[in-house]
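The structure appears below as structure tokens.
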Amino acid sequence: MRVQMAGSEWFRTRPGGLNRYFEDLYLALAATNGVQVSAHAFGDPAGDGSSWGVPRSLPKRVWASTRTKVEPGGIVDRHFALYGHGARSVERSGSTPVIHFQGPWSLESKTAGQAEMLVAAKRAFERGRYRGARLAVVLCKEFGEILVHEFGFDAARVVVIPPGVNLERFRVAPIREERDRGPKSVLCVRRLERRMGIDVLIRAWRMVVDSGSDTASVPHLDIVGVGTEGAALRELVETLDLDTHVTFHGRLDDAGLADRYEQSELTVIPTRSLEGFGLIALESLASGRAPIVSRVGGLPDAVEGLDGSLVVPPEDEDALAGRILSALGGVVPDPASCRRHAERFDWKLVAARHVREYETLLA
């Protein structure tokens, strides 16, 4: 089986959920017997992947992404609406077009406050780019519904395949005794954008801090990530007088992130909208740390079968603070249970599901 993948950027060039997913799926397919896979994206490639070059202006990027020759007789799988060959071009070459819908570019732009005219243009462009694909892979049921209702995609051609996690990338460490490590730490790894709900977590953290009677044992919130809301979130921390209880770490590499997981008690993913799955939830579980997640998109799916109480309503500061406090008090799955749950999302299993879907299309 021949599979050609078109992404956006390679993860090491631009860290992010979409790029992490694209890169890890490529590597998992490359390690699968009977699959000949190639992958193209901008920046520094992983494995034997290929690069469209250094990221540049948008028109040049779009043009560069269509210069790759399409090999006939296989699958061409596009992971971002902007880049790669359209469905008609793929079919003319004798291959089968597939898309991965990891999120609505136009709706994300809308939640970020972009002008209505620009959002409408993006939506029309997306709709055209999705049209004609023989299959759409989504990470959760909610995103499948968005693809059908917002972009007119055929529901019969949508399949839900949850993402995977690289179990070798993250290690499980026991949670250290408080006397050995100082105050307990809660970790949040997110892009600092409004839809990620970091402001909700910060306001909830004020309640967490206020609930303690012993100043020396007040837990600490560590936030990892960068984004357009960074300055506003730091201002909110100052306004709520949380400077000594919240630390922004910016972007960390995999080694730094693994260390941060090891030092934490648990993680929080407080997304308010448009969350396909939340790969960071799986990385947290693979590290042996339970994630408290909001009931948005595929986030509840990440902890289904582990502990339903880890799911809280979005934008509910009281519920979030209460669940954090109970978790810090010990009401949370232990590291071994989290790791076992993460093993259900091994990339080998996820790659095998993709191969089965590809085989059905080519039959």
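The single condition among (1) in contact with a His (Cβ under 6 Å, 6 or more places away or on another chain); (2) modelled with pLDDT under 95; (3) within 19 Å of Glu275 (Cβ to Cβ) that His149 does not meet is (1).
Would you check if there is a residue in segment 150-162 being under 19 Å from Val3 (Cα atoms) and part of a helix (DSSP H, G or I)? Yes: one or more hits.
The criterion of at least 1 residues that are in the same structural domain as Ala352 (by TED's automatic domain parsing), over 18 Å from the mean Cα position of the chain (by Cα) and not hydrophobic (A, V, I, L, M, F, W, C) is met, among helices (runs of 4 or more DSSP H) falling completely within segment 1-120, by 58-65, 87-92, 105-111.
Checked against the criterion of being surrounded by 24 or more Cβ atoms within 10 Å (Cβ to Cβ), over 20 Å from the mean Cα position of the chain (by Cα) and closer than 20 Å to Arg191 by Cα, segment 311-333 contains one or more residues that satisfy it. Exactly one residue out of Ala290, Ala281, Ala231 is in the same structural domain as Val331 (by TED's automatic domain parsing), small (Gly, Ala, Ser), surrounded by 19 or more Cβ atoms within 10 Å (Cβ to Cβ) and free of Cβ contacts under 8 Å to residues at least 40 places away in the same chain, and it is Ala281. Out of Ala124, Ala112, Ala133, Ala120, one residue alone is in contact with a helix residue (DSSP H, G or I) (Cβ under 9 Å, 6 or more places away or on another chain), at pLDDT 90 or above and over 28 Å from Arg340 (Cα atoms). It is Ala133. Of all residues in segment 45-64, those satisfying the criterion of being farther than 19 Å from Arg2 by Cβ and of a type in the set (S, T, N, Q) are Ser51, Ser57.
Here the condition is being at pLDDT below 95 and touching a Leu at 6+ places or on another chain (Cβ under 9 Å); of Pro162, Pro183, Pro174, it holds for Pro162 alone. The number of residues in segment 48-73 that are modelled with pLDDT of 95 or more and among the small types (Gly, Ala, Ser) comes to 3.
The values are calculated or read from the model by the stated rules, or taken from the named source; none is laboratory data. Small disclaimer: the values here were computed from a predicted structure and weren't measured. Because the Cβ atoms are built from the backbone with ideal geometry, glycine has one as well, and the counts that use them run over all protein chains shown.
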